[in-house]
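Report on one structure; see the data block that follows.
The values are calculated or read from the model by the stated rules, or taken from the named source; none is laboratory data. Please read these numbers as outputs of a predicted model, since none were measured by experiment. Virtual Cβ from ideal backbone geometry, glycine too; neighbours counted across all protein chains shown. Quick note on the areas: whole protein, heavy atoms, side chains included, nothing else; ligands and nucleic acids left out. Shrake-Rupley method; radii C 1.70, N 1.55, O 1.52, S 1.80 Å.
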Amino acid sequence: MQNPVLVEVTRGDRVESAHRGMVAVVDGDGNLVMGLGEIELPVYPRSAVKSMQALPLVENGAAAAYGFGNRELAMSCASHSGEPEHVAAAGDMVARAGLSEVDFECGSHWSFYPKVMIEQVRDHNKPDQLFNNCSGKHAGFLCVSCHAGVDHHGYTGYDHFVQEGIRDVMEDLTGAPLGTDVCGYDGCSIPTYAVPLKSIAHGFARMATGVRLGAERAKAAKMLMSACMAEPFYVAGTGRACTELMELAPGRIFVKVGAEGVYCGAIPELGLGIALKCEDGAERAANVMIAAVLAKLLTDDAELSAKLAEMARPKLSNWNKMMVGGLQPAGELA
């Protein structure tokens, strides 16, 4: 089966490029609401499942013990841009557990936010690990380990207490067995697992609805999703699609991007979970896909659906600010 073309890139009046993809929308009982492409194909969801990976932070009592509110919980699910607020929040989270930047195991990279990155280069200011887009997630991992009284060293390893807990959570939510045969390593050095796209969507539907989850897990899932929707800047950052989509409909849309063209999300009011992947890994196309899917699912709110549909058709301009084309949903997303 060949995945359908779901996004087209235009120049003038012609289609210049095209992106194929897969989309799964599932309800809490596992019923398929929308299925496009090879949705049974295992994919690495990468950072799109950070809210699943953050569940132990709430469930083992660490979040409450360290006084975490919506901002810190959103950071634990974030792929942030390394703006000053993000860096400060990640540092504060581990400081509450008596740790610091040197205890992270995610590595460092330049800020994703152009203004900050330019300042770093100009001032010869080498970024530390707090600027890593995954530092909020790693701060959560460190706090889980410290609160449990487990040595945090090596917390990124497959057999560490922290990663074992994450694996258990994700197996429970998705129903997919996760072992070394489907394990790769993410950019921030933690294990990432290839899971069928439909199973990932079902996991997010269960997080949104609490269907067949224990009371504590259902409460923790709702808390994390609500935190992300309440503090969308801390999930991504200025000008980022995740932040802008959640700001468009406060408290109604949860979305999270992952590397290589993946998005996961949920619409709590409809009890639906979403997982999609642009086949070639292009985030520009994945951004169009998630906005178009949300627009189709939220047609009962005509105004919101229209705004989402507009976000699914970004314009392209050249260096002279001349409009030269754009991206648009194609096929069944059109």
_Span from the segment 1-29 Cα centroid across to the segment 290-334 one, whole angstrom_ = 12 Å
*Taking all protein chains as present, what is the carbon and sulfur share of the accessible area of segment 294-334, in % to the nearest whole number, probe 1.4 Å?*
52 percent
*asked:* With a 1.4 Å probe and all protein chains kept in place, how do PHE161, PHE131 rank by accessible area, largest first?
replied: PHE161, PHE131
_Among VAL144, GLY187, MET22 the positive-end extreme of the charge dipole of the chain (Cβ point charges)_ = MET22
_As a test question: what accessible area, to the nearest 10 Å², does THR209 have when a 1.4 Å probe is rolled over all protein chains in place?_
60 Å²
*Cα-Cα over 23 Å: which of LYS296/LYS321; LYS50/LYS296; LYS198/LYS307; LYS137/LYS256; LYS222/LYS256; LYS50/LYS277?*
LYS296/LYS321; LYS50/LYS296; LYS198/LYS307
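Where the only charges are on Cβ atoms (+1 Lys, Arg; -1 Asp, Glu), what is the dipole of the chain about its Cα centre, to the nearest 20 debye?
Details: 28 positive and 40 negative charges, 134 e Å.
Using only the charged Cβ atoms, the result is roughly 640 debye.
Once you order the gyration tensor axes a ≥ b ≥ c over the Cα atoms, which shape class does the chain get: rounded for a/c under 1.5, otherwise prolate or oblate by comparing a/b with b/c? If you can, show how the numbers build up before the last one.
On the way: a/c = 1.72, a/b = 1.26, b/c = 1.37.
Taking the square roots of the gyration eigenvalues as a ≥ b ≥ c, the chain is oblate.
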_How much length would be gained if the chain were fully extended between ASN31 and ARG96, taking 0.36 nm per residue of separation minus their Cα-Cα distance, in nm to one decimal?_
19.2 nm
_Probe 1.4 Å, accessible area per residue of segment 5-333, Å²_ = 41 Å²
*In the Gaussian network model of the chain, springs joining C-alpha atoms below 10 Å, which of TYR234, TYR66, TYR193 carries the largest mean-square fluctuation?*
TYR66
*Which value at 222 nm does the chain reach when only helices count, each DSSP H run of 4 or more adding -39,500 (n - 2.57), with the total divided by all residues and rounded to the nearest 500 deg cm²/dmol?*
-11500 deg cm²/dmol
*So for segment 5-333, taking the charge dipole from beta-carbon charges (+1 Lys/Arg, -1 Asp/Glu), which of LEU197, LEU298, GLY326 sits furthest toward the positive end?*
GLY326
*Find the centroid of the Cα atoms in segment 191-223 and in segment 51-100, then give the distance between the two in whole Å.*
20 Å
*How much of the accessible area of segment 143-292, in percent, comes from carbon and sulfur atoms when a 1.4 Å probe is used?*
50 percent
